[in-house]
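**Student:** I am attaching a structure below and will ask some questions about it afterwards.
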Amino acid sequence: MRLLLLLQGRSPADQPGYHQALVELQARGVIEAFHCLPYLPSGPEASPDPAHWPALYRRALQIVADEAIDVLMLQWFHGPLADPRPFIAEARRIRPQLLVVTTGGDPYGRWLQRPPASLFQAASQSDMCFLTSMGYMADALIDRGARNVLLMPNGACQVRFSAPGVPVAPPAFDVVFIGSHNGGRNPFTRLSRSGRQRTEMVRQLTRRYGRRFGLFGLNWAGQPAWQGPVAYARQHQAALQGRLQLGGFPGSIAPYYTSDRFYIALASGVPLLDFRVPRVDRLATPDVHWRGYDSLPSLLQAVDRALDLPPEALQAWGQRARDYVLGAHTHAHRTHEMVDLVQALIQARRLGRPMPPPRLRCFAPGVDPAAEAPFAVRGWTG
């Protein structure tokens with residue numbers, strides 16, 4: 001397998017977990033060759049050099065030809081990106097057996113805030129698609145011509161979040177929330193509703209816990225609990241200042257969807273309470289790795305119950321979650337699974353037989369992948 005990755009970023013440092021995993025797979029001989037081509041323009045994304053996309057696609061085609069690429073992966077291919085369909089067609093003319101893979105990482109709405117055209121365009125030309133949420137997201141891609149659409153959740157970057165952090169002793173806060181105050185302009189979108197819910201959550205947590213509540217993120221100026229923004233790679237340092245951490249009301253409730261923050265939080269070793277999104281309980285076990293809430297009153301009750309636990313119980317809970325994520329849910333684990341699935345599809349096609357629907361490895365212990373297949377594997381043709 002000779003892979004060209006069009007990486008979402010301006011350099012490999014923007015996606016270090018995925019990049020490191022592929023470099024290691026090549027070093028171990030699991031894949032024969034790996035080439036990385038970051039595709040984002042170096043200037044402001046809203047006004048890239050008009051020559052950027054034609055030049056990028058020409059460079060990619062040169063790599064496809066010169067390096068005998070047999071797998072092309074378009075990573076997180078959504079945004080103000082140039083139509084990839086002519087590029088993919090030319091790549092297949094150069095390499096007729098080329099297998100194309102598209103990954104999608106962001107949640108989008110069913111009617112409002114729909115996926116960008118670039119994701120539909122890439123998925124319609126792909127042999128396999130990996131999404132971090134299913135349900136209407138998978139249906140939308142299939143309606144536009146995608147096939148072999150598989151769940152592949154977010155994970156924690158093993159490069160940035162594997163090292164153990166140092167807890168603050170004694171903790172500065174009982175409860176920590178790391179999340180920005182975001183909302184859409186359209187008040188009817190899920191994102192706008194989430195922004196309003198987060199504002200009310202912060203207000204009530206501040207009233208209930210006062211100085212024992214620590215708030216980190218953007219756009220919270222004026223909130224008394226606000227500790228300022230926190231850099232992406234320093235989320236663990238913020239979480240380790242609290243006895244508990246919270247996930248905010250989400251901008252999407254598409255089945256299985258979590259941002260990478262869910263896994264990053266679990267990997268910190270600080271117990272996590274998070275909103276119950278459908279089927280996320282199949283990815284990490286409630287009351288073992290995390291605890292859920294579905295409303296503001298239930299969140300406040302869950303926080304109170306958790307804070308009543310003895311310190312050793314909280315420590316054990318956090319350590320279970322950390323061990324679980326680092327053992328099964330990092331970007332390296334996701335990369336290995338995607339490579340395995342792509343290689344299985346290549347082998348099936350070489351043998352002239354359909355590949356059966358795969359048993360995905362992203363589920364929690366005790367969850368039967370076959371039982372999840374109707375929800376996590378869609379449009380399967382093999």
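The values are calculated or read from the model by the stated rules, or taken from the named source; none is laboratory data. Model, not experiment: these values are computed from the prediction. Cβ sites come from the backbone with ideal geometry, for glycine too, and all protein chains shown count toward neighbours. Just so you know, the surface numbers come from the protein's heavy atoms only, side chains and all, with ligands and any DNA or RNA stripped out. Shrake-Rupley method; radii C 1.70, N 1.55, O 1.52, S 1.80 Å.
**Student:** In Å², what does the accessible area per residue of the range 319-382 work out to with a 1.4 Å probe?
**Tutor:** Working: 3070 Å² over 64 residues.
For the range 319-382, the per-residue accessible area is 48 Å².
**Student:** Taking H as built 1.01 Å from N, whose amide H comes closer than 5 Å to the amide H of Cys157, not counting residues under 5 places away?
**Tutor:** His331
**Student:** Quick check: residue separation of Ser42 and Glu24 times 0.36 nm, minus the Cα distance between them. What number comes out in nm?
**Tutor:** On the way: separation 18, 0.36 × 18 = 6.48 nm, distance 2.69 nm.
The span from Ser42 to Glu24 would gain 3.8 nm if fully extended.
**Student:** Another question about this same structure. Given the whole protein assembly as supplied and a 1.4 Å probe, what does the accessible area of Asp106 come to in Å², nearest 10?
**Tutor:** 70 Å²
**Student:** What list of ³J(HN,Hα) couplings, whole Hz, do you get for the range 293-305 from phi and the Karplus terms 6.51, -1.76, 1.60, once you set θ to phi - 60° and write x for glycine and proline?
**Tutor:** Once θ is set to phi - 60°, the couplings for the range 293-305 become 9, 10, 7, 5, x, 5, 5, 4, 5, 5, 5, 4, 5 Hz.
**Student:** Could you give the distance between the Cα centres of the range 242-260 and the range 288-357, to the whole Å?
**Tutor:** Taking the Cα centre of each part, the range 242-260 and the range 288-357 sit 13 Å apart.
**Student:** Still on this structure: Computed over the Cα atoms, what is the radius of gyration of the range 245-290 divided by 2.2 N^0.38 Å, N being its residue count?
**Tutor:** Values: Rg = 9.7 Å, N = 46, 2.2 N^0.38 = 9.4 Å.
Output field value: 1.03.
**Student:** Local charge sum around Gln315 (other residues, Cβ-Cβ under 12 Å, Lys/Arg +1, Asp/Glu -1)? Intermediate results must be reported in sequence, preceding the final value.
**Tutor:** Details: positive: Arg243, Arg320, Arg322; negative: Glu312.
Neighbour charge sum, excluding Gln315 itself: +2.
**Student:** Follow-up. What ranking, highest mean first, results for peptides 363-370, 240-247 when packing means the other Cβ atoms within 10 Å averaged over each residue?
**Tutor:** Values: 363-370: 13.5, 240-247: 23.1.
Packing order, densest peptide first, comes out as 240-247, 363-370.
**Student:** Return the percentage of antiparallel bridges among DSSP beta bridges fully within the chain, rounded to the nearest 5 %.
**Tutor:** Values: 2 of 39 bridges.
Expressed as a percentage, antiparallel bridges in the chain total about 5.
**Student:** Rounded if a/c is under 1.5, else prolate if a/b beats b/c, else oblate: with a ≥ b ≥ c from the C-alpha gyration tensor eigenvalues square-rooted, which is the range 286-326?
**Tutor:** Working: a/c = 3.77, a/b = 1.47, b/c = 2.57.
Oblate shape, in that a/c is at least 1.5 and b/c is the bigger or equal ratio.
**Student:** Note down the net charge around Thr103, summing +1 for each Lys or Arg and -1 for each Asp or Glu among other residues with Cβ under 14 Å from its Cβ. Provide the component values of the computation, followed by the final result.
**Tutor:** Values: positive: Arg334; negative: Asp106, Asp127, Asp260, Glu337.
That sum, taken over residues with Cβ under 14 Å, equals -3.
**Student:** Separate question: Can you order the peptides 334-345, 220-231 by their average number of other Cβ atoms within 10 Å per residue, highest first? The partial results should precede the final answer.
**Tutor:** Numbers: 334-345: 18.7, 220-231: 14.4.
Output ranking for 334-345, 220-231: 334-345, 220-231.
**Student:** Something else now. When you take every Cα atom in the range 13-124, what is the radius of gyration, and what is Dmax, the widest Cα pair distance, in Å?
**Tutor:** Cα radius of gyration and Dmax of the range 13-124 are 14.9, 45 Å respectively.
**Student:** Let me ask something else. Arg92 to Arg211: extension gain in nm, 0.36 nm per residue of separation minus the Cα-Cα distance?
**Tutor:** 36.8 nm
**Student:** For the range 177-281, with only Lys/Arg (+1) and Asp/Glu (-1) charged at the beta-carbon, what is the dipole magnitude about the Cα centre, in debye rounded to 20? Each step should come with its number before you reach the end.
**Tutor:** Values: 15 positive and 4 negative charges, 71 e Å.
I would put it at about 340 debye.
**Student:** Can you work out ³J(HN,Hα) from phi for every residue in the range 6-15, in order, using Karplus 6.51 cos²θ - 1.76 cosθ + 1.60 and θ = phi - 60°, giving whole Hz and x for Gly and Pro?
**Tutor:** My calculation for the range 6-15 gives 7, 8, 6, x, 9, 7, x, 5, 6, 9 Hz in order.
**Student:** Among Val168, Val175, what's the order by accessible area (1.4 angstrom probe), most exposed first? Present the calculation step by step, with values, prior to reporting the outcome.
**Tutor:** On the way: Val168 60, Val175 0 Å².
Highest to lowest solvent-accessible surface, that is Val168, Val175.
**Student:** Report relative contact order for the chain in percent, whole number only (criteria: Cα-Cα under 8 Å, sequence separation at least 6).
**Tutor:** Numbers: 720 pairs, mean separation 59.3, N = 382.
Computed over the chain, the figure is 16 percent.
**Student:** I would also like to ask the following. Starting from the Kirkwood Rh over alpha-carbon pairs, what translational D in µm² s⁻¹ does the chain have by Stokes-Einstein at 20 °C and 1.002 mPa s?
**Tutor:** On the way: Rh = 21.9 Å.
This corresponds to a translational diffusion coefficient of 98 µm²/s.
**Student:** Continuing with this model, one more query. Compute the helix-to-body angle for 190-209: its Cα long axis versus the longest principal axis of the chain, expressed 0 to 90° and rounded to tens.
**Tutor:** It works out to around 30 degrees.
**Student:** Using the Karplus equation 6.51 cos²θ - 1.76 cosθ + 1.60 (θ = phi - 60°), what ³J(HN,Hα) coupling, rounded to whole Hz, does each residue of the range 319-330 give in order, writing x for Gly and Pro?
**Tutor:** 5, 4, 5, 4, 4, 5, 5, 5, x, 8, 9, 9
**Student:** So for the chain, taking the charge dipole from beta-carbon charges (+1 Lys/Arg, -1 Asp/Glu), which of Leu218, Gln245, Leu37 sits furthest toward the positive end?
**Tutor:** Farthest along the dipole direction, towards plus: Leu218.
**Student:** Treating the beta-carbon of each Lys and Arg as +1 and of each Asp and Glu as -1, no other charges, what is the dipole magnitude of the chain about its Cα centre, to the nearest 20 debye?
**Tutor:** 560 debye
**Student:** Rounded to whole Å and sorted largest first, what semi-axes of the equivalent ellipsoid does the C-alpha gyration tensor of the range 208-336 yield via the square root of 5 times each eigenvalue?
**Tutor:** Numbers: eigenvalues 96, 61, 52 Å².
In descending order the semi-axes read 22, 17, 16 Å.
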